[in-house]
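Scroll down for the structure; my scribbles are underneath it.
The values are calculated or read from the model by the stated rules, or taken from the named source; none is laboratory data. The structure presented is a predicted model; accordingly, all values stated were derived computationally and were not measured. A quick note on method: Cβ atoms are made from the backbone with ideal geometry, for glycine too, and the neighbour counts reach across all protein chains shown. The protein model used for the area step is the full one, side chains on, heavy atoms only, and it has no ligands, DNA or RNA in it. Shrake-Rupley method; radii C 1.70, N 1.55, O 1.52, S 1.80 Å.
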Amino acid sequence: MGTIGATLLRAGRRFVSSLPALFGVLVFTFLLMRVLPGDPAVFFASGPNAGKEEIEVIRRQLGLDKPLPNQLAIYLYDVGRGNLGRSMMTGQAVAKDLKERLPASLELTLTALLIALVSAVPLGVLAALRPGSLVDHSVRLFCSLGVCVPTFVSGLLLIYVFYYLLGFAPDPTGRIDIFATLPPQRTGFLIIDFLLAGDLEGWWAAARQLMLPALTMALFVIAPLARITRASMLVSLGSDFVRTARSVGLSWWRIVVTYALRNALLPVITIAGIVFSTMLGANVLVEKVFSWPGVASYALDALLVSDYAPVQGFVLLMATIFVIVNLVVDVLYGIADPRATVA
């Protein structure tokens, strides 16, 4: 109980210390959107041929006619009330748009991270057990290829092979076939909602749609996870407690799994949290290639038309998720290694 309490207290201090950073993100994003080229009033007033009166009406609706400090003060006040503004692109509240699209991004990112961890940890362990061998060089080559190939290239290659040539994958146009019946929305995760509804056929259809984009993202993040696993395993295998375990006659696989791997997973937990936050915000190319209705593609579409509110809401959402993920990593790290709570 003492260890858990110390871990939660440490996470609470980290959360309080992150509040100024979130405020800085709010102000920086607001100012950045105002200095970018393009006038949203001109775009939403039916293009550059619109009359000055029409443009001025749009500017007043968006609050762009006020001085910049006043705009910032109004924006911070609205955010404090939970109002992220209204998207001119969709005509809906930004908070509602993000709420509708966030489950799609989370479902894709969590699935990709799970695939990456299931693949990277065994690869890193195998490479560490045989350093300098053909297995080690093969793992490092695979990791290098995964990092070097951009996600949109690997995504297009997977579509070409598994959809066009082999016909195994479904049409890469979103989360589910447009003619499929959606389950009652409970979690927003289609593969979970289909299971809760008892629709196995729908679950299989959603899982098939999810596989290619998730695999595309996983290929890109397997490399850092496998590398940190390999490096951590090499350190653990060369430590005193492993040599002691070998001297008392414990089996090699017990030493590897129970002693070396458990200690090697601590840095992997940290890297996995960073990778998850990065994937969630940087999967815009994957969402575009596979027509996935996530928050990243939503923010990009808004940025292209100078729709300020969705971009600002997206950046704030990503910063908040990054803080939450770091807190979760702190808690998991403290549970895995109680010594980490001593600070």
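Might you check whether a residue that is part of a helix (DSSP H, G or I), of a type in the set (G, A, S) and open to solvent by 30 Å² or more (accessible area, probe 1.4 Å) occurs anywhere in segment 150-168? No: zero hits.
Taking segment 48-94 as the range and being in contact with a helix residue (DSSP H, G or I) (Cβ under 8 Å, 6 or more places away or on another chain) and hydroxyl-bearing (S, T, Y) as the test, the residues that pass are Y75, S87, T90.
Taken together, S144, S154, S138 contain a single residue that is touching a Ser or Thr at 6+ places or on another chain (Cβ under 9 Å) and polar (S, T, N, Q), which is S154. Within segment 214-243, the residues that satisfy the criterion of being over 15 Å from A264 (Cβ atoms) and open to solvent by less than 20 Å² (accessible area, probe 1.4 Å) are A214, T216, M217, A218, V221, I222, A223. For first residues located in segment 108-135 and over 15 Å from V257 (Cα atoms), partners that are among the acidic types (D, E) and open to solvent by less than 30 Å² (accessible area, probe 1.4 Å) and lie 6+ apart or on another chain with Cβ distances below 7 Å form the pairs R130/D136. Can you find, within segment 1-36, the residue that is modelled with the lowest pLDDT among those that are open to solvent by 80 Å² or more (accessible area, probe 1.4 Å) and basic (K, R)? Ranking the qualifying residues of segment 1-36, first place goes to R14. When the residues of segment 262-271 are filtered to those that are of a type in the set (A, V, I, L, M, F, W, C) and closer than 18 Å to L126 by Cα, the one that is surrounded by the most Cβ atoms within 10 Å (Cβ to Cβ) is A264.
Regarding segment 249-261, can at least one residue be identified that is touching a Cys at 6+ places or on another chain (Cβ under 7 Å) and open to solvent by 20 Å² or more (accessible area, probe 1.4 Å)? No; the residues of segment 249-261 include none that is touching a Cys at 6+ places or on another chain (Cβ under 7 Å) and open to solvent by 20 Å² or more (accessible area, probe 1.4 Å). Applying the criterion of being in a helix (DSSP H, G or I) and out of contact with any Leu (no Cβ under 9 Å at 6 or more places or on another chain) to the residues of segment 128-137, the residue that is least open to solvent (accessible area, probe 1.4 Å) is H137. Selection of segment 83-108 for residues being in contact with a Pro (Cβ under 7 Å, 6 or more places away or on another chain), in a helix (DSSP H, G or I) and open to solvent by 60 Å² or more (accessible area, probe 1.4 Å) yields only R101. A search for C-beta distances below 7 Å between a residue of segment 54-73 that is on the phi < 0 side of the Ramachandran plot and open to solvent by 60 Å² or more (accessible area, probe 1.4 Å) and any residue that is basic (K, R) and assigned to a helix (DSSP H, G or I), counting only pairs 6+ apart in sequence or on different chains, returns D65/R59; L68/R34. The C-beta contact set for segment 244-261 (first residue more than 22 Å from G124 (Cα to Cα), second residue of a type outside the set (S, T, N, Q) and open to solvent by 70 Å² or more (accessible area, probe 1.4 Å), distance under 9 angstrom, 6+ apart or interchain) comprises L250/Y259. Just one residue in the set G132, G91, G85, G146 is in contact with a strand residue (DSSP E or B) (Cβ under 8 Å, 6 or more places away or on another chain), modelled with pLDDT under 85 and not hydrophobic (A, V, I, L, M, F, W, C); that residue is G85. Residues in segment 272-284 that are buried (at least 19 other Cβ atoms within 10 Å of the Cβ) and part of a helix (DSSP H, G or I): A272, G273, V275, F276, S277, M279, L280, G281, V284.
Taken together, A214, A197 contain a single residue that is among the small types (G, A, S) and touching a helix residue (DSSP H, G or I) at 6+ places or on another chain (Cβ under 8 Å), which is A214.
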